[in-house]
Every structure is written in structure tokens, then in C-alpha cells.
Amino acid sequence: MQKKMKNEEFDHYIQSQFADEAITPPQQIEGAIFAAMAKNSRRKKLGVIGTGILVLGALAYGVNGTMNTTRVVTETPPVAVPVAAPVAMPVTLEVLDQEEQPIQKQEVHDDVLPAAAAASASIVLEDTDAVENARPDNLEAVASRSVQPVVSNSQENSQELPAILHETDSEVWVMPATVRVKE
Amino acid sequence: MRAMEAADIHIIERCKKGDSNAQRQVYARYSSMMFAVAIRYTNARVDAEDVMQEAWIKVFRHIKSFSEHNSFEGWLRRIVVNTAITHYRRNQKHQFQLDIEEVHATPNDFEAFKEIDFTKDELAKAIAQLPKGYGMVFKLYVIDGFKHKEIAEQLGIDLNTSKSQLSRARRYLQDVLHAMSQRAKKE
């Protein structure tokens, strides 16, 4: 019996034949699929760990960088110190001239480099103070210094200033200017 | 039926969480269907195994994107078909493509075969005889329900080419089936 089929009928016939198609796959495919899956997940985990390490490293680097920056900032203020240093200069030189101790010779070298003198002068000031303290003549002055706090240094300088000016007379050159800058 | 669907949803949810036992259950349930589709498109067991493996890895990798409102089997079928198409296109350049006119003449338009009593294997063998490109269009359109636009996009061909290839494939297949039924009748 011949049967003329239309496209739709033919298509439907073919489709219905394949509706519940099933062919059992070989066993080894399952193993291969799940092995590949496990490999992928392991790779993914390693990726996550690697990313974590990178992030932590970047954070540590960033924090370290920030700390370095703050350290630089805190280190900059001492640049202003030389401004205060000239206060000590005349005193030092004067005392050294008077005392003629071995330390004085080092200070003479500093004179050659005026810029460096400011920095070294402040150090010398402490030394000369010590020398000065050892002198019985200045015991009163030393006592007044030790009693007064650090803040009183400027006052002390300003109080002593006229006396020094009287003594040296011709060496008016440094003292007034320096004292005003410090205040 | 309802209970089956609920069980399916539960297993799929577990798969989404990466539960390997659930993945194996899904595999056990649908691997035969997937493999049959893969064989239908590749016409070779070795190639079908490659397609099958690739498709299942895609399934588990993208299962989070599956919505429970859709048919899970339909979703799986789509994935294996798309993987087979990718496989076909990858190998297409290495294969010699015969035009259907060169393969066989089609004397009777829509003159169908005598009796519709072919087994699935016989039909599969007849479809496998179609030239590759025509066979792909026929299987995608007739068996897997793709539209011509989708077929054209997937295979990288023109829309009209898809339509004409389907028409020629139908005629060729009907002719082959007719010949088969004649041969069976003689025997």
C-alpha cells in the first residue's frame, strides 16, 4: 500500500522514532568525566589560594609603603633644627675661646663650613655646657638652668643675652637675630 | 510523575552545590540518552565519546544557570547537540563534502516508502547515509526541533541554505527508505 506522506507527517514519524533514544555509554567515560571534573576543581582551588596569597602580599606591601611614608613625614621636622642652632654658636665659640680645651680645636674646623656649623654647634653646646658646668664661676647659672624646665631656655637666653653683649661688646653680630627667630 | 520531578529538582540542587554523588546520579540517569544523541550526530562511537565527555563537563560547569522551570532533559539534549555541532564544525574542514545531487537522484518527490515499519536502527542507518551537512540540518530540524534560523547560526550557513538542505535531505531519505522497503519485500 503506497502512502503519500507530507513533510509534517514524515518529520513527525522520524521524530517519534527517536523520542526515547538511549545507548549505554562505555564505563570508562564516566571515570574520565569525573576525573576531569576533579582536576578542574583542584585547579580552581589552587587559583583561589593563589589569588588570596597575592591579595595578602599586595596588602602587606601597601601597609609597609604607608608606614614608610609616615616615617618620612615624621623625619622631616628635624630639618628645622638648624634654624635654632645658631643660638648656640656664639656661646660655644665664646666659651671655647675662653677655655682653650681640646674640644675647641674641633669647633675651629666647623667654622670652615658655616652650613655644617649649625648642626654641629648644637652638639657642641651640650659639651660646652658640661664644661661650663664644671666651672665654679657659673655654678649659679647652672643651678638656675637645672631648676627651670626646657621651655625656659629661651627666656634664659634672653636674660643672659645682655650680659654677654656687655662682655664682648664688639660681638653683637649673632645674638639678637637668633633669639628673635627662636621666639 | 510529580514525585519524580521533585526528586530531580533536589538532585539538581545538590549538583549546583558541587555534590559529586548527585552528579553521578544525574549522569547515571541521563548518560544513555546523551550518548545516543552524541552517536546520532557523530555517526562514530569514538567521536561520540569525545562529544559525550565534553558535554557532561559543560553540564556540571554550567548547571547553576539551569532553571527548574525548564525541562532538564531538554537542557541536557541541547548541550550535547551544541557540543556535537562544535565537534562537527571543528572537523568539517578536514572532510570532503559531497553534494546530495551527486550522491543520489530523487525521482519521486514526496513519494514515500511503502510501509512504515522501520526499526529505529534502520532509520538511524538511513539518516547516517545523508551527506554530513544535509544530515546535520535534517537531524537538527526534524529530530531535535531547531528552527532554520538557529540551524543557520549554529552551522554558519545561510537561512535559505538550511531550508534547501532540509528539503533535499527529506527527499533523499524518503528515497533511501523506499529502496530499503523494496529490498526487504524482495527478500
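The values are calculated or read from the model by the stated rules, or taken from the named source; none is laboratory data. Because the structure is predicted, anything quoted here is derived from the model rather than measured. Cβ coordinates were reconstructed from backbone atoms using ideal geometry, including for glycine residues, and neighbour counts include every protein chain displayed. The accessibility values were calculated without ligands, DNA or RNA, using every heavy atom of the protein model including side chains. Shrake-Rupley method; radii C 1.70, N 1.55, O 1.52, S 1.80 Å.
Determine, yes or no, whether A:I29 is part of a helix (DSSP H, G or I), surrounded by 14 or more Cβ atoms within 10 Å (Cβ to Cβ) and at pLDDT 65 or above. For A:I29, the condition - part of a helix (DSSP H, G or I), surrounded by 14 or more Cβ atoms within 10 Å (Cβ to Cβ) and at pLDDT 65 or above - is met. For B:F146, the criteria (1) in a helix (DSSP H, G or I); (2) within 14 Å of chain A (Cβ to nearest Cβ) hold in every case but one, which is (1). Here the helices (runs of 4 or more DSSP H) wholly within the range B:1-70 that include at least 3 residues being away from chain A (no Cβ under 11 Å) are B:2-16, B:20-42.
Restrict the check to the range B:152-161 and report whether at least one residue is hydrophobic (A, V, I, L, M, F, W, C) and within 14 Å of chain A (Cβ to nearest Cβ).
Initially, the range B:152-161 is screened for residues hydrophobic (A, V, I, L, M, F, W, C), giving B:152, B:155, B:157, B:159.
Those left that are additionally within 14 Å of chain A (Cβ to nearest Cβ): none.
No, because not a single residue in the range B:152-161 is hydrophobic (A, V, I, L, M, F, W, C) and within 14 Å of chain A (Cβ to nearest Cβ).
Suppose we filter A:A32, A:A58, A:A19 for residues that are among the small types (G, A, S) and over 30 Å from B:K125 (Cα atoms); which single one remains? I'd like the intermediate steps shown before the answer.
Numbers: A:A32 fails: over 30 Å from B:K125 (Cα atoms); A:A19 fails: over 30 Å from B:K125 (Cα atoms).
Of the residues listed, the single one that is among the small types (G, A, S) and over 30 Å from B:K125 (Cα atoms) is A:A58.
Based on what the data block shows, is B:V137 more than 14 Å from chain A (Cβ to nearest Cβ) and either surrounded by 13 or more Cβ atoms within 10 Å (Cβ to Cβ) or modelled with pLDDT of 90 or more (or both)? The answer is no for B:V137.
Would you say B:S164 is among the hydroxyl-bearing types (S, T, Y), more than 21 Å from B:Q92 (Cβ to Cβ), part of a helix (DSSP H, G or I) and over 18 Å from the mean Cα position of the chain (by Cα)?
Values: among the hydroxyl-bearing types (S, T, Y): yes; more than 21 Å from B:Q92 (Cβ to Cβ): no; part of a helix (DSSP H, G or I): yes; over 18 Å from the mean Cα position of the chain (by Cα): yes.
For B:S164, the condition - among the hydroxyl-bearing types (S, T, Y), more than 21 Å from B:Q92 (Cβ to Cβ), part of a helix (DSSP H, G or I) and over 18 Å from the mean Cα position of the chain (by Cα) - is not met.
The criterion of being open to solvent by 70 Å² or more (accessible area, probe 1.4 Å), at negative phi and not in a helix (DSSP H, G or I) holds for B:D117. Among the conditions (1) open to solvent by 70 Å² or more (accessible area, probe 1.4 Å); (2) more than 23 Å from B:R90 (Cβ to Cβ); (3) in contact (Cβ under 8 Å) with a residue 24 or more places away in the chain, the only one that B:L173 does not satisfy is (1).
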